[in-house]
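Heads up, the thing below is written out as structure tokens.
The values are calculated or read from the model by the stated rules, or taken from the named source; none is laboratory data. Keep in mind the model is a prediction, meaning the values are calculated, not measured. Every residue, glycine as well, gets a Cβ built from its backbone with ideal geometry; the counts of neighbours run over all protein chains shown.
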Amino acid sequence: MESWTQNVIDFLSKNEDSSIAAYVIDWIFLLGVLCLLIYIIVKFYLLKKESNNDKFMSSIINNGYDVFWDNETYIKEKNKKFDELIHYSYNIELNHKKRFLTLHEQEKFLEERLMEVENLLIELETKSEEAEQFRFNELSKQIDNAFFHMLDVKEVYGLDHYSFININEYLKQILTEVKNDYSKKLQIISKGIKGERNVESHLLNLKETNEIDFWNGVYLEVENNTFETDFLLFSNKGLFSIEVKNIGGGNSYDLHVSSDGQWRKVYKNGKEEVIQDIVSQSNYHITLTQKLINKYKRETGIEIPLVEPIFAIGNDDVKLENDSTLLIFRGSYIVHYIRKQSVIINDDVINDFKKWLEQFVVPERTYPIKDYSFLLNNIANFLKTNDTDLTYYENKVEGISNDIIHNQYKKIPKDLKKEFNLK
């Protein structure tokens, strides 16, 4: 530095007076100091400005967490409930209990559960619509303003921490699986029960006029063998065992029973399908019933006529062609058939036999069925919290919105407003 200054002095000394050279040197020095000072001031201003902007953004973030997370326990508890729900519903096949019910009890059970599932699906749809409205309401729009250019407000304030709509879609999928499972089971059970009710509606015409009495779906036990009879009719015209077959539906096929007792479905295209050996099953039931009649005769000396088997077609739509000697009727024709029979036994005798037979009646057989009640109750309880959740979140959004609009916006530095095009 000194050598450079000396060279300048020597140069000036050769051309000008030495006093002029000293004057110029002083001004050069002062100019250098001034430039350095200006640089330091500008640098300090920019650093301070950047620091202020960072502090402002940090204050927004901290304030956002203060506004939203003031009830962190509530959020944690909510997440815990949802995690438990996911755990229990991850695979509905693994999250049900088995109950053992009679077929009639199963029908009632399934109808009630399906109604419960339908109500939950309706409620879920309503909640989804409310959540959708909540997502796009005016409060959210106030947050979804130019502020998003500076930071992700939803993330900062925790608004995406819990998505109502995504959860509701997940619950809808679970409920739909349960609904389909219950519906298939109910369809199978109801098909048989529907046929029995059809036949029963006709038999009641005889019962109301005291022409017969009957047991429906009765289970009897003889010699350690238990068997079921759809209808066991007691009448002065004899004892009748009715097996209901709810075969067919619509116009898909006709029913043909050949002369040798074989049952076949005959489709419109000419294709035939043999039905399981219905007659053998009926013969087994008749044999066991007859054993009880024989036992009664040995004990009382009173003879009861042989039980007469009747096959009842529970479906009135199917076309029937019977070439066998089997008694195969529609429910309505059974009334006509019995009425045209002759009286063969005294009413008191058949009534005494019926009372004696009651000792061999055993409880109706039960069958396993899937019970998703625990899962459905969890979903129902979870949905009940949605009302509270929406109110909770809406209040939070309103608080955040007011904080942004009334407190934070006015604090935005002018340069940030200009940078992000904020008015």
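Some notes on this structure:
- For the condition under 27 Å from K185 (Cα atoms) and surrounded by 15 or more Cβ atoms within 10 Å (Cβ to Cβ), I369 qualifies.
- Test set (1) of a type in the set (D, E, K, R); (2) surrounded by 16 or more Cβ atoms within 10 Å (Cβ to Cβ); (3) touching an Asp or Glu at 6+ places or on another chain (Cβ under 9 Å) - K297 fails condition number: (2)
- Residue match in the range 323-335 (condition: under 21 Å from L204 (Cα atoms), under 51 Å from the mean Cα position of the chain (by Cα) and of a type in the set (D, E, K, R)): yes
- Of all residues in the range 195-222, exactly one satisfies the criterion of being surrounded by fewer than 18 Cβ atoms within 10 Å (Cβ to Cβ), in contact with an Asp or Glu (Cβ under 7 Å, 6 or more places away or on another chain) and assigned to a helix (DSSP H, G or I), namely K207.
- Residue within the range 231-249 that is farther than 25 Å from I345 by Cβ and without any contact (Cβ under 8 Å) to a residue 24 or more places away in the chain present: no
- Options V318, V335: the member that is in the same structural domain as N294 (by TED's automatic domain parsing), part of a loop (DSSP other than H, G, I, E, B) and of a type outside the set (S, T, N, Q): V318
- Filter result for the condition that a residue is out of contact with any Gly (no Cβ under 6 Å at 6 or more places or on another chain), at pLDDT 80 or above and under 30 Å from N224 (Cβ atoms), over L306, L376: L306
- Residue, farthest from I313 (Cα to Cα), within the range 155-194, restricted to residues that are modelled with pLDDT under 70 and surrounded by fewer than 18 Cβ atoms within 10 Å (Cβ to Cβ): E155
- Condition check for V349: at pLDDT 75 or above and assigned to a helix (DSSP H, G or I): yes
- Yes/no for I310 being surrounded by fewer than 16 Cβ atoms within 10 Å (Cβ to Cβ) and either among the basic types (K, R) or over 17 Å from I275 (Cβ atoms) (or both): no
- Residues within the range 356-384 that are in a helix (DSSP H, G or I) and under 48 Å from the mean Cα position of the chain (by Cα), tallied: 16
- A search for C-beta distances below 6 Å between a residue of the range 251-276 that is without any contact (Cβ under 8 Å) to a residue 60 or more places away in the chain and any residue that is among the aliphatic types (A, V, I, L, M), counting only pairs 6+ apart in sequence or on different chains, returns W263/V257; W263/I275; W263/I278; R264/V274; E272/V266.
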